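Comments concern the structure below.
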Ligand code: ZN
């Protein structure tokens with residue numbers, strides 16, 4: 001749970017620390033605004049993917065399903081700066097599928113908390129494996145990290161790519177290739 005009073009106090013200290021005057025007009029309500037914002041940005045830490053992924057329906061056909069270009073925004077735990085981009089999720093059902101909106105919700109559960117991109121990618125894959133029990137899952141995240149592109153030598157727009165495979169995707173190179181081709185289509 002976000003303790004808003006603590007966050008407000010911390011933001012006041014941070015402002016002082018960077019040499020600002022907290023009492024000036026533009027900053028008066030900043031601690032409160034930041035605290036409210038954190039409440040929203042961290043709400044995934046309180047949520048559970050299980051709740052979304054347990055609403056399944058039966059299918060006969062067990063072909064690969066790909067949901068690509070799911071936009072996400074997260075916060076890097078090393079710098080507390082945003083990282084954001086696209087997530088692509090593929091899975092091979094074993095008689096059960098979920099609605100697309102549930103995959104989007106699952107991404108939000110893991111994105112709305114302090115994160116690193118590798119863990120975000122893996123947690124989404126593991127939640128799908130655990131709750132949907134498909135034959136396999138593959139998750140790819142492409143993200144721009146503000147902690148890298150806003151400072152230092154990295155060029156704006158440069159992206160970090162992480163990939164996680166579970167089950168059938170781990171051994172089958174053809175499945176991985178199919179995933180990559182489908183993701184790249186229309187780019
Ligand atoms: Zn960072």
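The values are calculated or read from the model by the stated rules, or taken from the named source; none is laboratory data. What you are looking at is a predicted structure, and each value in this text was computed from that prediction instead of being measured. Here the Cβ is made from the backbone with ideal geometry for all residues, glycine too, and neighbour counts use every protein chain on show.
From the list 127, 168, exactly one residue is closer than 29 Å to residue 37 by Cα and in contact (Cβ under 8 Å) with a residue 40 or more places away in the chain. Which is it?
The unique qualifying residue is 127.
If a residue has to be surrounded by 13 or more Cβ atoms within 10 Å (Cβ to Cβ) and either more than 16 Å from the ligand (Cβ to nearest atom) or within 18 Å of the chain's Cα centre (by Cα) (or both) to count, how many in the range 131-158 make the cut?
18
Restricting to the range 19-31, what's the tally of residues that are assigned to a loop (DSSP other than H, G, I, E, B) and over 30 Å from the mean Cα position of the chain (by Cα)?
Residues meeting the conditions: 7.
So, of the residues in the range 86-101 that are over 14 Å from the mean Cα position of the chain (by Cα) and in a strand (DSSP E or B), which turns out to be farthest from the ligand (Cβ to nearest atom)?
96
Going through the range 71-85 one residue at a time, which ones are within 16 Å of residue 156 (Cα to Cα) and more than 8 Å from the ligand (Cβ to nearest atom)?
82, 84, 85, listed by residue number.
Using the structure shown, decide if residue 57 is in a strand (DSSP E or B) and at pLDDT below 95.
yes
Within the range 102-118, can you find the residues that are in a strand (DSSP E or B) and under 13 Å from residue 46 (Cα atoms)?
114
Residue 173 is checked against (1) out of contact with any helix residue (DSSP H, G or I) (no Cβ under 6 Å at 6 or more places or on another chain); (2) surrounded by fewer than 19 Cβ atoms within 10 Å (Cβ to Cβ); (3) touching a residue at least 40 places away in the same chain (Cβ under 8 Å) and fails just one. What number does that condition carry?
For residue 173, the failing item is (3).
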